[in-house]
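The values are calculated or read from the model by the stated rules, or taken from the named source; none is laboratory data. These figures come from a predicted structure and were not determined experimentally. Backbone-built Cβ (ideal geometry, glycine too); neighbour counts: all protein chains shown.
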Amino acid sequence: MKRSNFTLLLTFGILLFGSCDNNSTEDNCTASVWYQDSDNDGLGNPDVTQSACEQPEGYVSNSNDTDDTGGSGSSNCDTPAEVAQSTNSEIEAMRQAMLAFRNSLSSSLLSEASTCLDNERFYTWHNTPNSNGTQRDGIIYGDLSEEQLDLFKTVLKLFLSDGGYQKVDEITMLAEGLLETENPTAWSPDYYSIDLFGDPENSGSWGFQLDGHHLAINFLVHGDNVSMVPAFLGGEPAVSSFNGTDFDIFKDERDLALTLYSGLTSTEIEDAVSSGSHAMEVGPASTPGDVDPYRGDYDYSGFAGTGVKYTDMSTATQANLILVMKEYVYNMETTFADAWWTDIMNNIDDTYFVWIDEVDQPSTTSPFYYRIYNPYVWIEYNAENALGGGGADYNHVHTITRIPSNPTTTNGGDYGVFAQVINKGGVSTLYEHYAMADHHQMSEMLFDYEVELPHHNHHHHHHSHHTHVH
């Protein structure tokens, strides 16, 4: 019995001593102040701290990020013509993905990226290298952490089809990455810029622009409508390999068009083939800082009647033309591409196709140009002069997709209902244009908004080729 009592007392003493020793260690640790790093840029917010012996997750030891707020990112926009948020589940998924991206940004990045839908930045995009990432508004890929860039790419994947996203990725990451090895000052995936428009947290009208050397797409959500025009996609080289990955960005746009051309009858060729030089008719601005010179009231009517008309084509040619057109329209997510395609098909009889080339037998390795005009879609494909990375003219490609009449239906057109009109009296709204322009006096289109922007002069130039006359 005595031995048992002694054993119990000894055991209790050991436990008590051990417990006191552990508490002593805990009490004697030196706690540090840690600062919240909500945007994962390695810089902490001095206003959000936590004291701990070990570094808590999401905190850093410095307080160098004075704007690391992790806020909601509201732009406080109240642009006329905005609408309520959509109840469409796909659009809500887009909105939530955009909010997740915006919420990941520091206040300074969010402020730099954001503006309202009536701001001229909506129309400022062009086809020149974003040298050192300084030739564009907004923020650039290089400003983002890996996590933030992944969040932005999640947004892109919701707006684009799988094929559309693949093209964007090949343009921005592969072709541009290859060019970066030649001249990292002029070209780099890091230089592609992001502008955020509107307030997706509180409004149903918002969008964003992805703009850089060979890519500029304008995404817009307006209630239940989603659009991605104007959309400029290019590549040099368009066909190559980078870091062990082969790419052929415009394979379908090229090969389907060659199939269309090779199947034309002699009469169709006579109507479709044009002489002169080939250059994009309604492409991007070519000077940094210039706005889209074809926004708003650009008159496309002169293109109606030029080329071979859909109603004059054989059934086989019509089918081949449809395949080419779908390749551009269905870069967008299928549900919203379907709505756009309905507008196009309702006006398919007014579609015209034009072809220009330089050789007797066009091929995948010869430069050529084609254009498709429909009241609800404008498509151009052009092989540009070789400048760098491509090595041949056929390997430097520019494409543009637009909606010519703006807005044309409730689905909208280029920039939706927020497009501005350039005329001799300055910049006006579409409401003013349709109310005052003689050729729209009988229009029954009604608008209930007004936006005014300053007038700018615009200059642009084209790369061009001499053509082979058939």
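Number of residues in the range 179-198 that are more than 21 Å from ARG136 (Cα to Cα) and in contact (Cβ under 8 Å) with a residue 12 or more places away in the chain: the value is 1.
Of these, THR265, THR287, THR311, THR334, which one is over 18 Å from TYR381 (Cα atoms) and touching an Asp or Glu at 6+ places or on another chain (Cβ under 6 Å)?
Working: THR265 fails: touching an Asp or Glu at 6+ places or on another chain (Cβ under 6 Å); THR287 fails: touching an Asp or Glu at 6+ places or on another chain (Cβ under 6 Å); THR334 fails: touching an Asp or Glu at 6+ places or on another chain (Cβ under 6 Å).
Exactly one residue qualifies, and that residue is THR311.
Condition check: in contact (Cβ under 8 Å) with a residue 60 or more places away in the chain and not hydroxyl-bearing (Ser, Thr, Tyr). Does ASN103 satisfy that? Let's see the steps before the verdict.
Details: in contact (Cβ under 8 Å) with a residue 60 or more places away in the chain: no; not hydroxyl-bearing (Ser, Thr, Tyr): yes.
No; evaluated as a whole, the condition is false for this residue.
Here SER262 meets the list (1) buried (at least 16 other Cβ atoms within 10 Å of the Cβ); (2) out of contact with any Gly (no Cβ under 8 Å at 6 or more places or on another chain) almost entirely, failing just condition (1). Take the residues in the range 387-398 that are in a helix (DSSP H, G or I) and of a type outside the set (Phe, Trp, Tyr), then tell me which one is modelled with the highest pLDDT. Among those that are in a helix (DSSP H, G or I) and of a type outside the set (Phe, Trp, Tyr), it is ASN395. Looking only at residues that are β-branched (Val, Ile, Thr) and in contact with a Phe, Trp or Tyr (Cβ under 8 Å, 6 or more places away or on another chain) in the range 284-323, which one is farthest from GLU253 (Cα to Cα)? Ranking the candidates gives VAL291 first.
Restricting attention to the range 272-294, does a residue exist that is under 30 Å from GLU82 (Cα atoms) and either in a strand (DSSP E or B) or in contact with a Leu (Cβ under 8 Å, 6 or more places away or on another chain) (or both)? Please lay out each step first, then the result.
First, pick out the residues of the range 272-294 that are under 30 Å from GLU82 (Cα atoms): 282-285, 288-294.
Subset that is either in a strand (DSSP E or B) or in contact with a Leu (Cβ under 8 Å, 6 or more places away or on another chain) (or both): 285.
Checked the range 272-294: at least one residue is under 30 Å from GLU82 (Cα atoms) and either in a strand (DSSP E or B) or in contact with a Leu (Cβ under 8 Å, 6 or more places away or on another chain) (or both).
Every condition in (1) out of contact with any Pro (no Cβ under 9 Å at 6 or more places or on another chain); (2) under 28 Å from LEU220 (Cβ atoms); (3) at pLDDT below 95 is met by ASP343 except one, and the failing one is (1).
For the range 194-214, how many residues meet the condition of being part of a strand (DSSP E or B) and of a type in the set (Gly, Ala, Ser)?
Keep residues of the range 194-214 that are part of a strand (DSSP E or B), which gives 194-198, 205-212.
Those left that are additionally of a type in the set (Gly, Ala, Ser): 198, 205, 207, 212.
Number of matching residues: 4.
Filtered by the rule that a residue be of a type in the set (D, E, K, R) and either in contact with a strand residue (DSSP E or B) (Cβ under 9 Å, 6 or more places away or on another chain) or within 26 Å of ASP338 (Cβ to Cβ) (or both), the range 270-327 gives GLU270, ASP271, GLU281, ASP290, ASP292, ARG295, ASP297, LYS309, LYS326, GLU327.
Let's see how each residue does on (1) touching a helix residue (DSSP H, G or I) at 6+ places or on another chain (Cβ under 8 Å); (2) modelled with pLDDT of 95 or more; (3) under 17 Å from LEU258 (Cβ atoms):
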| residue | (1), (2), (3) |
| --- | --- |
| GLY276 | no, no, no |
| VAL291 | yes, no, no |
| TYR300 | no, no, no |
| PHE303 | no, no, no |
| THR311 | yes, yes, no |
| ALA316 | no, yes, yes |
| ASP338 | no, yes, no |
| ALA383 | yes, no, yes |
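Looking across the range 185-207 at every residue that is touching a Pro at 6+ places or on another chain (Cβ under 9 Å), buried (at least 23 other Cβ atoms within 10 Å of the Cβ) and among the hydrophobic types (A, V, I, L, M, F, W, C), the one that is farthest from ALA93 (Cα to Cα) is identified as TRP187. Restricting attention to the range 215-235, the residues that are outside any strand (DSSP E or B) and surrounded by 24 or more Cβ atoms within 10 Å (Cβ to Cβ) total 2.
Annotation: of all residues in the range 278-289 being buried (at least 18 other Cβ atoms within 10 Å of the Cβ) and not aliphatic (A, V, I, L, M), the one that is nearest to GLY263 (Cα to Cα) is HIS278. Of everything listed in (1) in a loop (DSSP other than H, G, I, E, B); (2) touching a helix residue (DSSP H, G or I) at 6+ places or on another chain (Cβ under 7 Å); (3) of a type in the set (S, T, N, Q); (4) crowded, with 18+ Cβ neighbours inside 10 Å, the single unmet condition for GLN148 is (1).
Report yes if some residue within the range 101-112 is part of a loop (DSSP other than H, G, I, E, B), of a type outside the set (Ser, Thr, Tyr) and modelled with pLDDT under 85; otherwise report no. Talk me through it step by step, then tell me what you get.
Applying the first criterion (part of a loop (DSSP other than H, G, I, E, B)) to the range 101-112 yields 105-106.
Going one step further and asking which of them are of a type outside the set (Ser, Thr, Tyr), we end up with 105.
Now restrict to residues that are modelled with pLDDT under 85: none.
Scanning the range 101-112, I find no residue that is part of a loop (DSSP other than H, G, I, E, B), of a type outside the set (Ser, Thr, Tyr) and modelled with pLDDT under 85, so the answer is no.
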